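Following: one structure in structure tokens, then a few remarks.
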Amino acid sequence: MRICRLFATAVLFASPTAKAQQSVIGTWYGAVPLPGGDFSLRVDLTRSDSGVAGVMSIRESKLIGFPVPDARFSNGTLRLSVPKGWGLAMFRDIGLTEEEQIITFEGNVAGDSIQGTLQLAYAKFPLTLRRAGAAPSSIRQKTIAFTNGDVSLSGTLYLPERGNRFPAIIFTHSSGEHTRAGYAQEAERLAAVGVAAFVYDKRGAGKSTGANWTVATFDELADDAAQAVRALRRRNDIDSRRIGLYGLSQGTWLIGMVAARIPDIGFLVFVSGSGISVWEQELFRTGAMMRAAGYSDADVAEAQAYQRSKFAVARTGLGWRSLDSLSKALKQRPARWFDDYAQDYASLSSARFWWLAAFHYDPMPILEHLTMPVLGLFGDKDLSFPVPAIVDSMAAAFQRAGNKDVTLKVFAGAEHQLMLPQAYAGRTLRRVVTPQYMPTLVDWVKSRVIR
């Protein structure tokens, strides 16, 4: 009897804290109407040693699965903060001060809603987050595991609610560390119109293990995507002859490589890239970004000359001592641009490796033989690829291939990854994906594969 009383007392004292914490754990959604595209926020809250931990997603700005640096919940109030200094791409180089490059939310929990205030950069808005319900969905999700040699890869297959033998699209990734979450929005929209979509974690990211993307060659990354194609072709619910590939930036080089290796790829979607060799793209990117950052023509010319010297040594293996001396002299001077744009090699072996792994690659010989339907989406303000030149070169290559189904579209005002500045109260607030992107992608894919 005494033990029971002690147990009841313990529950009594623990209960208020447990209930308070439980009231905020889960997934929450909210949106703020804005000119030029709404702000949407998803927050996933879990328990942590310090109370709660949060992960936020702002889909229209391609901020997906971002761990909130400062999440707190006490006395019924939730506080989320992304302070200055986190370098979010949605804020970079759009005229915001460092102090303005922040996201904060503070609100009070009341049942299944949290009413509060959002601060996005310099602006404040009322925002109500609502708990995600178990609403029925017309989309099914399945976890798919596959391998490429010793590399174990994992992804999510989004399937339409009904039917069988679906057409499908496989999403590859751009440079950097990326998981399946990055294309969840595209996958959901396509599955809703009858197209299965498969997004996998890049090697060394998420649940894909056995190797790391930081030292992967283009051949290895393309082989990962090729194995994804083979994995889907083995499924009874996928039409093996209607599987297409999507590539963004670096991924646009990869999908061409896959299409050259695997016969009967159904279609290709190029977004913000291809049509130029990797080393030429790097030269362009260096100059374009330096000019945008305010560097002089002399600085740009010096940086691009250094890059050319790097690539010459990497390609031939000759002249390493001179290049190494030049690198040390530029760092000692120091050249203002060196740390951000030079990326010097630690050794001749490193230079040779990266030339063979990536920088030597030229997509044009492959593009000249691709005859499946092609969609290309680009932004005319892209600082990573010379869009007018690559559109012209890709169009010419597909013409030589005899490809009769090519759509190349350039979005006015859009930057790399089809992002464009969104204005509010007379200033630029953040970057968002151009609103035309999603309907253009979905309508084109649907029109090519839905019978």
Open item on the list: I need the full set of residues from region 295-333 which are in a loop (DSSP other than H, G, I, E, B) and either buried (at least 19 other Cβ atoms within 10 Å of the Cβ) or modelled with pLDDT of 95 or more (or both), in order please.
Closed with: Tyr295, Ser296, Gly317, Leu318, Gly319
TODO: Residues being more than 15 Å from Met419 (Cα to Cα) and surrounded by 18 or more Cβ atoms within 10 Å (Cβ to Cβ): count how many of those fall in region 57-73.
DONE: 4
Task: Members of region 396-416 that are crowded, with 17+ Cβ neighbours inside 10 Å and farther than 15 Å from Ser272 by Cβ - done: Ala397, Phe398, Ala401, Asn403, Val406
Open item on the list: Just to verify a result, which residue in region 82-102, among those that are surrounded by 14 or more Cβ atoms within 10 Å (Cβ to Cβ) and more than 22 Å from the chain's Cα centre (by Cα), is farthest from Arg42 (Cα to Cα)?
Closed with: Leu96
Open item on the list: Quick test of your reading of the structure: Thr147 fulfils all but one of (1) closer than 19 Å to Ile255 by Cα; (2) open to solvent by less than 40 Å² (accessible area, probe 1.4 Å). Name the failing condition by number.
Closed with: (2)
Task: Number of the condition not met by Leu78 [criteria: (1) surrounded by fewer than 17 Cβ atoms within 10 Å (Cβ to Cβ); (2) part of a strand (DSSP E or B); (3) of a type in the set (A, V, I, L, M)] - done: (1)
TODO: Output yes when any residue across region 364-378 is buried (at least 20 other Cβ atoms within 10 Å of the Cβ), at pLDDT 95 or above and part of a helix (DSSP H, G or I), and no when none is.
DONE: yes
TODO: Determine if region 104-119 includes at least one residue that is surrounded by 15 or more Cβ atoms within 10 Å (Cβ to Cβ) and closer than 18 Å to Leu420 by Cα.
DONE: no
TODO: Determine if region 181-201 includes at least one residue that is of a type in the set (Asp, Glu), assigned to a loop (DSSP other than H, G, I, E, B) and crowded, with 18+ Cβ neighbours inside 10 Å.
DONE: yes
Task: Which listed residue is of a type in the set (Gly, Ala, Ser) and touching an Asp or Glu at 6+ places or on another chain (Cβ under 8 Å), from Ser249, Ser272 - done: Ser272
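The values are calculated or read from the model by the stated rules, or taken from the named source; none is laboratory data. Just so it is clear, the structure is predicted and the values come from calculations on it, not from any experiment. Counting neighbours? That spans all protein chains shown, and the Cβs are built from the backbone with ideal geometry, glycine included. Please note that ligands, DNA and RNA were not included when accessible areas were found on the heavy atoms of the full protein model with its side chains. Shrake-Rupley method; radii C 1.70, N 1.55, O 1.52, S 1.80 Å.
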